[in-house]
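The values are calculated or read from the model by the stated rules, or taken from the named source; none is laboratory data. Since the model is a prediction, treat every value here as computed from it, not as a measurement. Note: ideal-geometry Cβ built from the backbone for every residue, glycine included; neighbour counts use all protein chains shown.
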Amino acid sequence: MQPKPVLLVYLDGFTTVLFVLAVGMVFFYAPTEAVMGNVQRVFYFHVASGWVGMLSFMAAAISGIIYLRSGKRGWDLAGLSAVEIGIVFIFINIATGAIWARPIWNTWWTWDPRLTTATIMELIYAAYLMLRQGIEDPDRRARFGAVYAILGFVSVPLTFFSARLFRTIHPIVIGTNQPGAAGDFDMTPRMAQTFMFSLLAFTFIFIDLLWHRIRLGRLEEKVEQLKLKMMV
Amino acid sequence: MNPMFFQQAPAETTSYMIFGYALIFGVMFIYLFSLAVRRRNLLATLAMLQELEKQA
């Protein structure tokens, strides 16, 4: 097995430092929001998780396109890895949203357009993993996975723009809130800095996790190849 | 109208913040742990297969 690349070692360290700093900023640098209180601090990692999820699904769609053009299996692995990470972070995004909503909207859940589209997006990519499980032939699995990841990506802009296009109570960070938005707030400079830094930290978390997941996938392939070789 | 409109001080929502961050850290830890376990298991399988290949 290849040793861990030096760049990945540095990336692990750098990402850990960024994450710890982001946590520090959320709890000790950003001020307490005047109306919502401390639960508003969930917002920083809630949005950052959503960002990582959408970035992952975009990476999966791009990997799918490149795989279909080149036929290189490495891109299939990159797509699978990105989807797995995306599912984890969109789950965090949805669950933290529900926790925030309980004291602010007085309910854990409502079938608001943003919440509904985010849930559909999560389910679409969960189905991607199930689809792959059901196909034995690796080439066919990779081809189907690539096409599915490209088509499934339609759910990402739909989720992003749902709070801007439809009547919703979900507040938005960039742009003008809908008249019925509940729980919106004006960011102070410290809040904005914490928010941007959280986005940066989570972007590095995504890159770092993707690299690790791809390495794990390569190891899986190596084990499978060795098993096949021994069966022959 | 938002019921928090007339309040004088921020709402006491610390328990929800703790719940939220416990979930964030918990899920991230579980995912990292799953990556580590899968890797460890694969390395063990690989070592076993390589040993069998040598013997064959």
> In region B:22-56, what count of residues is obtained for those that are at the interface with another protein chain (Cβ under 7 Å from one of its Cβ atoms) and under 16 Å from A:PHE43 (Cα atoms)?
Replying inline: 2
>> Can you tell me which residue is nearest to B:GLU12 (Cα to Cα) among those in region A:10-37 that are within 24 Å of the chain's Cα centre (by Cα) and without any contact (Cβ under 8 Å) to a residue 24 or more places away in the chain?
In response: A:PHE27
> Taking region B:17-42 on its own, how many of its residues are out of contact with any helix residue (DSSP H, G or I) (no Cβ under 7 Å at 6 or more places or on another chain) and more than 25 Å from A:VAL20 (Cα to Cα)?
Replying inline: 2
>> Being of a type in the set (D, E, K, R) and crowded, with 21+ Cβ neighbours inside 10 Å is the filter here; which residues of region A:123-147 pass it?
In response: none
> Got a number for residues in region A:117-135 being assigned to a loop (DSSP other than H, G, I, E, B) and in contact with a helix residue (DSSP H, G or I) (Cβ under 8 Å, 6 or more places away or on another chain)?
Replying inline: 1
> Any chance region A:104-116 includes a residue that's farther than 18 Å from A:ALA182 by Cβ, of a type in the set (Ser, Thr, Tyr) and not in a loop (DSSP other than H, G, I, E, B)?
Replying inline: no
>> Condition (residue is closer than 25 Å to B:SER34 by Cα and under 14 Å from the mean Cα position of the chain (by Cα)) applied to region A:125-144: is it met by at least one residue?
In response: yes
> Within region A:33-48, which residues are in a helix (DSSP H, G or I) and facing chain B (nearest Cβ under 7 Å)?
Replying inline: A:ASN38, A:VAL39, A:ARG41, A:VAL42, A:PHE45
>> Please determine whether any residue of region B:9-16 is more than 7 Å from chain A (Cβ to nearest Cβ), modelled with pLDDT under 90 and either closer than 22 Å to A:PHE19 by Cβ or part of a loop (DSSP other than H, G, I, E, B) (or both).
In response: yes
>> Considering only residues that are in contact (Cβ under 8 Å) with a residue 60 or more places away in the chain and over 23 Å from the mean Cα position of the chain (by Cα), which ones fall in region A:212-225?
In response: A:LEU219, A:GLU221, A:LYS222
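Quick grid of which residues meet (1) in a helix (DSSP H, G or I); (2) free of Cβ contacts under 8 Å to residues at least 60 places away in the same chain:
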| site | (1), (2) |
| --- | --- |
| A:LEU151 | yes, yes |
| A:PHE161 | yes, yes |
| A:ARG167 | no, yes |
| A:ASP186 | no, yes |
| A:PHE195 | yes, no |
| A:PHE206 | yes, no |
| A:LEU210 | yes, no |
| A:LYS227 | yes, yes |
| A:MET230 | yes, yes |
>> Looking at A:GLY13, A:GLY64, A:GLY24 in this structure, which one is more than 12 Å from every other protein chain (Cβ to nearest Cβ), modelled with pLDDT of 95 or more, surrounded by 24 or more Cβ atoms within 10 Å (Cβ to Cβ) and in a helix (DSSP H, G or I)?
In response: A:GLY64
